[in-house]
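Reading through the structure tokens given below for one structure.
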Amino acid sequence: MRLANVLLVIVFLCGVVGPAFADPSSPAEEKPWSYDLSGLRATYAEVEPNDACPGQPFACGDIVNPAQISASTDVDWYEFTVSSVPTVVTIGTDASDLGDPDLGDSYLELYGADCTAARLTYDDDGGPGAYSLITAYTIATPGVYHIKVRGYSATYIGYYKLFMTCTAPTPPPANDT
């Protein structure tokens, strides 16, 4: 009897409220983020093989476009050096306008000199759509660092764009008291 009453209430609510479902044809909700690529240095194409660490050389201000995750097991590694510390890095992926199909959903990881050690930070879906964006990560130790890019899962293959900006951290406000 109690179960029948619960089911009756559920049926009534479904009739009043209406069905709820996700519409795959509707655009994904955009996140409140932005990045400025106007001051970047140069654009390079991905150079294979970069499937293992240390990977393709990369520098602050570079854009790799196009880059591609070409198979379900493919990963792309990039290596960069930081000499002036502290340095604030922003590393991101986005859709490439130079290749089709788009990767669509990337996963981005940052490692230190030892690519097999614990990762320093990572991001999934922090950028546009389901692309990744590591925002304002402060590097405090000079040295070699590595970026690993992959599709979120084995079903994500396609083209993407990788970029990195580096800035000095904003100094704290003057203490006038």
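The values are calculated or read from the model by the stated rules, or taken from the named source; none is laboratory data. What you see is a predicted model, and the numbers here were worked out from it, not measured in a lab. We place every Cβ from the backbone using ideal geometry, glycine too, and count neighbours over all the protein chains shown. These accessible areas exclude ligands, DNA and RNA; they are computed on the full protein's heavy atoms, side chains included. Shrake-Rupley method; radii C 1.70, N 1.55, O 1.52, S 1.80 Å.
All of 67, 52 fail the test of being open to solvent by 30 Å² or more (accessible area, probe 1.4 Å), at negative phi and among the aliphatic types (A, V, I, L, M), apart from 52.
For first residues located in the stretch 43-71 and closer than 22 Å to residue 102 by Cα and without any contact (Cβ under 8 Å) to a residue 40 or more places away in the chain, partners that are acidic (Asp, Glu) and part of a strand (DSSP E or B) and lie 6+ apart or on another chain with Cβ distances below 6 Å form the pairs 50/76. The residues of the stretch 87-116 that are of a type outside the set (D, E, K, R), under 17 Å from residue 143 (Cα atoms) and loosely packed, with under 13 Cβ neighbours inside 10 Å amount to a single one, 116. Output the residues belonging to the stretch 155-168 that are exposed (fewer than 13 other Cβ atoms within 10 Å of the Cβ) and either over 26 Å from residue 95 (Cα atoms) or aliphatic (A, V, I, L, M) (or both). If the condition is that a residue be exposed (fewer than 13 other Cβ atoms within 10 Å of the Cβ) and either over 26 Å from residue 95 (Cα atoms) or aliphatic (A, V, I, L, M) (or both), then 168 is the only one that fits.
Among the residues of the stretch 97-121, those that are in contact (Cβ under 8 Å) with a residue 40 or more places away in the chain, assigned to a loop (DSSP other than H, G, I, E, B) and among the small types (Gly, Ala, Ser) comprise 99, 104. Summed over the stretch 122-154, residues that are more than 11 Å from the chain's Cα centre (by Cα), surrounded by fewer than 18 Cβ atoms within 10 Å (Cβ to Cβ) and not in a loop (DSSP other than H, G, I, E, B) total 5.
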